[in-house]
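Report on the structure given below.
Each reported figure results from applying straightforward, stated rules to the coordinates on display, with no laboratory input. Everything numeric in this text was worked out from a predicted model, so none of it was measured. With ideal geometry, Cβ positions are generated from the backbone for all residues, glycine too; neighbour counts draw on all protein chains shown.
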Amino acid sequence: MPFVPAHDLVGPADAPRLAFVLHGILGSRRNWASFGRRLLERLPGWRLCLVDLRNHGDSHGAHGPHTLRACAADLVALAEQVGAPDAVIGHSFGGKVALVHAREHRPAPRDVWVLDAAPGPRTGAAAVGDVERVIQAVRLLPMPAPDRDAVKAHFADLGFSPMLAGWMTTNVRPGDGGLVWRFDIDAVEQMLADYGREDLWPLLESPPEGCTLHVLRAGRSDRWDADTVARLEAAPIDTPVLEDAGHWVHVDAPDALMDLLVESLNYSA
């Protein structure tokens, strides 16, 4: 039976345009709520569907395998309930989900925005990055945790930034005996492994008809090497750069990101 992920619809119910917004690994739809509300102030005629990807937030109970394709199929099931999206905006892991959705399901959205996610497989040193280190830290924290301060202190003691340590406290919820994670860490690792294997260069080099692909790079992100950038810029797609932003583009450069999205999506119904 198709799995329909948890989601929030934001904006007027009669809006003629709909965009799905997808968070990154270990995140949730809550990460994009404030940005989404501000975006709608500048995009009359649009409605947003903020999605919890499977095994994150409130989206639990999906059967495996837990892959990008499975996440994309979840979006198809969601569209049966809320309508097909005119645009899909995905950050990091969610960006690759958006690309797989555009590759495998027709009609593809008119616009697909990929926010700081390199399209190719992750190999060598790049295969072990910040997210993998966070997952290792997650497994080292005994659960249930007594309170959010204990969660924050755990990550700070392991050398993570105050921003990351604070953000991890948004990923817990009350459970038996204390706080437990909102995500399923075993399933998340399966998803991350598939993310690392998936090669989406063929899609970027031959986009679906009627679909504009936008792959945004954060200038201070560590996800891009010179060869990848050169190949990206040679593809028949839009390749904006936010030079002063790190990977969390909607936190580091929300106004600049919003300007790009508004310019792209401000078309009539």
Legend entry - Only Lys, Arg (+1) and Asp, Glu (-1) charged, at Cβ; segment 191-269 dipole about Cα centre in debye: 100 debye
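If R0 is 45 Å, what FRET efficiency do you get for GLU209 and LEU158 from their C-beta distance, rounded to 0.05?
Working: r = 47 Å, r/R0 = 1.06.
Taking R0 as 45 Å, the efficiency between GLU209 and LEU158 is 0.40.
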Inset, instruction - Taking the Cα atoms of segment 136-231, report the difference between the largest and smallest coordinate on each principal axis, in whole Å and largest first. - result: 52, 26, 22
Inset, instruction - Would you mind checking the tilt of helix 130-140 against the longest principal axis of the Cα atoms of the chain, expressed as 0 to 90 degrees and rounded to 10? - result: 30 degrees
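Could you size up the charge dipole of segment 127-183 around its Cα centre, putting +1 on the beta carbon of Lys and Arg and -1 on that of Asp and Glu, and report it in debye to the nearest 20? Working shown, then result.
Details: 6 positive and 6 negative charges, 23 e Å.
That gives a dipole near 120 debye.
Highest mean first, how do 242-254, 34-46, 139-151 rank when packing is the count of other Cβ atoms within 10 Å averaged over residues? Before the final figure, lay out each step's value.
Values: 242-254: 18.2, 34-46: 16.5, 139-151: 14.3.
Highest to lowest by the protection proxy: 242-254, 34-46, 139-151.
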Inset, instruction - Enter the Cα centre distance for the pair segment 1-62 and segment 81-110, rounded to the nearest angstrom. - result: 12 Å
Legend entry - From phi via Karplus (6.51, -1.76, 1.60), per-residue ³J(HN,Hα) for segment 58-69 in Hz, x at Gly/Pro: 9, 9, 10, x, 6, 7, x, x, 9, 10, 4, 4
Legend entry - Cα pair distances in segment 127-183, grouped into 5 Å bins until the bin that holds the longest one, percent each: 4, 21, 33, 25, 12, 4, 1, 0
Inset, instruction - Consider the candidate values [x] 17.9, 54; [y] 30.8, 94; [z] 18.5, 61; state which one is Rg and Dmax of the Cα atoms in Å computed from the structure displayed. - result: [x]
